[in-house]
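Single-structure report; data block below.
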Amino acid sequence: MECHEARPLLAETLTGVSERWPLAHLATCAGCSTVLEELRAVDRRLLELPAILPRFVDRDLRLAARPAASRPGRTAAGLAAAAAILMTLTLLFKGSAPPPTPPPAPRVSALVARFVAAEGERRDALAIEIMNLGPDALPFLPRTPELSEIVSALQAADEVRVTVTSKEGETVRGALVTTAFKMKTSFGETTVQVAKVVSIEFGATDVVTTKEKTQLKGKILLDEFKLKTDAGEMTLKRANLASIAVDGAAGKLEKGKIEDGTAKNGVTYHVRLPAKHDPKKPAPAILILHGSNMNSKAYVETIVATWPKVAEDYVLIGINGEHKVPGGKEDNPAFNYTYVNFAGKSKYKGFPGTDRESPAQVSEALTEIKQRVSLSKVFVGGHSQGGFLTYSLLMNYPEMFAGAFPVSGGVIIQAEPAAYDKEEIRSAQRKAALAIVHGENDEAVDFSMGRSAYESFLDDGFPMVRFFTHKTAAHMFAVLPVEEAVRWLESMTSDDPAALVAFAEKQFAGKEFRDAVALAERAKAADKGGKHAAKIKALHQAIEKEAAPRAKSLEKAIAAAKDDSWVADFAAFRAEFEFSESAKPAMEAYAKLRAAHEKPGEELFYAARKDFNSDKDAEGYKKCEELVQKYYASSYYRYAKGWLKNRK
């Protein structure tokens, strides 16, 4: 929202014409915040006009300036005129309106006197009124036993910063001036102090989560919350709010229990420490992301129930999407992530606002969680919608993750490895291990999406990538080989040279040569004292003995290439021995051929896709056949080959 859009809303809202507040704009625009305070100052001055003014002037101006609720039947024309009067008066008083000041001592003293004399419900109401003067009232409050609780509440509130989210999804951060409010629950009315709150969710039933891990459900008996931002004070109408999240207000983490929290950006999360967690030692963690219309707490619970050993070896973290599904259950809310327009660090350009989609918000929440619990390394995984998001997180924030296990998902074009061209991020991406998990009979997200992702990462030279499949698990998270994938990530990213050598030998014996090469290289880098040098050397020699004959044969085939008869053999060889010493000549020859084939292959691929989208299938397949016959070293070869294979 721009200034020219926000300015009219300020007067309209103050006069009651509109209830729409430009939250996000006011949080960043000092100019509009100043205008808002000037309008409020004018409103206050109208109420304080001297009695010597003609009564009709006082009456007319007051009618123009007071909220809609006090003037039933007011016409739209009258409201517009009221806004115009306020704007005119603002110009008259511009520059002379004083900035907001702390509550004056006489007002505080009067409230305190009434509070001391009152009893019962009236006394409770006055206590809330004093607290809601905000922390600025502290200097004027006498430190007496009767006021000790109020003073303590205001002192605690002085430290409370929150993130407020509107129903339209706009967010603004600041300190709540509103310190306490009444809430009607099934057990009666209760007073809630903001300093004791973790989060507030507004809806047909309001839900307040406290630091004591209790939830209050009912109706908040307050129409407005006051928020102090860097740009000035704002009044937020309860009817326009979706949630208020208190920064850093999550409860204490307890071993073996799932604890809920809310990040500064408003997303909710869940953390479970292992039963034998040692807070003095950094621990490995699994960040698990939910599927569509689900929540990550359910996935944390599934890991605990299905793979209990994993739950005892890792801190489990679930972070929910920022979009809450309407109509969900209060005790089991559902969420969705956003990521389809997130460009991140890829070479693509994103749309305005899409840089705040789920990848950014989840990474921010994880950073906050790391401040609560010390973590050594993090593996990120997700199911279905969360699987798609997993790729985006790994590719755009590779420095945060040691590995990833996307489950039953696919890769959007912005997260494809070829979408990144800066060497710094490409290097960081390739330090991570990637375990792709997919059911062969998956009807929700086709198995071909998992296989295509696997081939993309192989094609772009990721050293540690593995495809874990299951013939009958379909789309069922708890049946898929998730634990197997996690244990593979664990072994591939170990920092113990002895463990790396042992796993390398095991993988070599099982003919998992790509793993063996990567593990031998990692072991060599980790073996600072050279204790395992002999075993590492023996591994390299054994690998080269397997790779050399096939490498020489393929080098000749590539040099003499006239068709794609050798491509399948090369793909299989690359999957196993790409990073072996013997493979270098063959890989260089292939790279040279790809450079020649890539551009014409790309042109044919997009021309064929255009034909398919225009229902010209015969012409599209003809172009695919040409691509396969002429440009078999291009990265588009496997797509064209796949289309031809599945031709109807």
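The values are calculated or read from the model by the stated rules, or taken from the named source; none is laboratory data. The model shown is predicted, which means the values in this text are computed figures rather than measured ones. Note that each Cβ is placed from the backbone with ideal geometry, even for glycine, and that neighbours are counted across all protein chains shown. Note: areas computed on protein heavy atoms with side chains; ligands, DNA, RNA excluded. Shrake-Rupley method; radii C 1.70, N 1.55, O 1.52, S 1.80 Å.
Taking Tyr348, is it open to solvent by 60 Å² or more (accessible area, probe 1.4 Å), at negative phi, in contact (Cβ under 8 Å) with a residue 12 or more places away in the chain and hydroxyl-bearing (Ser, Thr, Tyr)?
yes
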Near pairs, Cβ below 6 angstrom, 6+ apart or cross-chain, from region 106-126 (without any contact (Cβ under 8 Å) to a residue 12 or more places away in the chain and open to solvent by less than 50 Å² (accessible area, probe 1.4 Å)) to any residue that is assigned to a helix (DSSP H, G or I) and not acidic (Asp, Glu): Ala118/Leu126
Selected residue [without any contact (Cβ under 8 Å) to a residue 40 or more places away in the chain, of a type outside the set (S, T, N, Q) and either open to solvent by 50 Å² or more (accessible area, probe 1.4 Å) or in contact with a Ser or Thr (Cβ under 7 Å, 6 or more places away or on another chain) (or both)] from Lys281, Lys257, Lys309, Lys264: Lys257
Cross-chain or 6+ apart pairs with Cβ under 6 Å, region 492-519 first and under 23 Å from Ala583 (Cβ atoms) and without any contact (Cβ under 8 Å) to a residue 60 or more places away in the chain, then in a loop (DSSP other than H, G, I, E, B) and of a type outside the set (S, T, N, Q): Val501/His532
Some residue of region 479-493 being modelled with pLDDT of 95 or more, over 32 Å from the mean Cα position of the chain (by Cα) and more than 16 Å from Pro406 (Cβ to Cβ): no
Any hit, region 604-620, residues being open to solvent by 40 Å² or more (accessible area, probe 1.4 Å), under 40 Å from the mean Cα position of the chain (by Cα) and of a type in the set (S, T, N, Q): yes
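Among the residues of region 231-254, what is the count of those that are assigned to a strand (DSSP E or B) and buried (at least 17 other Cβ atoms within 10 Å of the Cβ)?
10
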Residue count, region 189-227 (criterion: surrounded by fewer than 19 Cβ atoms within 10 Å (Cβ to Cβ), closer than 15 Å to Thr179 by Cβ and among the small types (Gly, Ala, Ser)): 0
Residue pairs meeting the criteria (Cβ under 8 Å; at least 6 apart or on separate chains; first without any contact (Cβ under 8 Å) to a residue 60 or more places away in the chain and assigned to a helix (DSSP H, G or I), in region 611-639; second crowded, with 18+ Cβ neighbours inside 10 Å and of a type in the set (S, T, N, Q)): Leu627/Ser634
Answer residue from region 443-464, given it is outside any helix (DSSP H, G or I) and within 17 Å of Phe388 (Cα to Cα) and is farthest from the chain's Cα centre (by Cα) among those: Glu443
Residue count, region 629-648 (criterion: more than 21 Å from Glu588 (Cα to Cα) and either over 40 Å from the mean Cα position of the chain (by Cα) or buried (at least 22 other Cβ atoms within 10 Å of the Cβ) (or both)): 3
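Pick from Ile286, Ile303: which is assigned to a strand (DSSP E or B), surrounded by 19 or more Cβ atoms within 10 Å (Cβ to Cβ) and of a type outside the set (Phe, Trp, Tyr)?
Result: Ile286 is the single residue among Ile286, Ile303 that is assigned to a strand (DSSP E or B), surrounded by 19 or more Cβ atoms within 10 Å (Cβ to Cβ) and of a type outside the set (Phe, Trp, Tyr).
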Matching entry among Ala534, Ala504 (being surrounded by 14 or more Cβ atoms within 10 Å (Cβ to Cβ) and more than 18 Å from Phe379 (Cβ to Cβ)): Ala504
Qualifying residue in region 203-225 (condition: within 20 Å of Arg372 (Cβ to Cβ), in contact (Cβ under 8 Å) with a residue 40 or more places away in the chain and either among the β-branched types (Val, Ile, Thr) or touching a Pro at 6+ places or on another chain (Cβ under 7 Å) (or both)): yes
Looking only at region 417-442, and only at residues there that are assigned to a loop (DSSP other than H, G, I, E, B) and under 22 Å from Asp515 (Cα atoms), the one that is most open to solvent (accessible area, probe 1.4 Å): Lys431
Qualifying residue in region 320-334 (condition: part of a loop (DSSP other than H, G, I, E, B), open to solvent by 20 Å² or more (accessible area, probe 1.4 Å) and of a type in the set (Val, Ile, Thr)): yes
Flag if Ala298 is outside any loop (DSSP other than H, G, I, E, B), free of Cβ contacts under 8 Å to residues at least 40 places away in the same chain and over 25 Å from Val172 (Cα atoms): yes
Region 371-399, residues that are open to solvent by 10 Å² or more (accessible area, probe 1.4 Å), more than 17 Å from Phe462 (Cα to Cα) and assigned to a helix (DSSP H, G or I): Gln371, Arg372, Gln385, Phe388
Selection count where residues are open to solvent by 60 Å² or more (accessible area, probe 1.4 Å) and either of a type in the set (Phe, Trp, Tyr) or free of Cβ contacts under 8 Å to residues at least 24 places away in the same chain (or both), scope region 169-188: 1
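Look through Glu626, Glu602, Glu619 and report the one residue that is at pLDDT 95 or above and in contact with a Ser or Thr (Cβ under 9 Å, 6 or more places away or on another chain).
Answer to the selection: Glu602.
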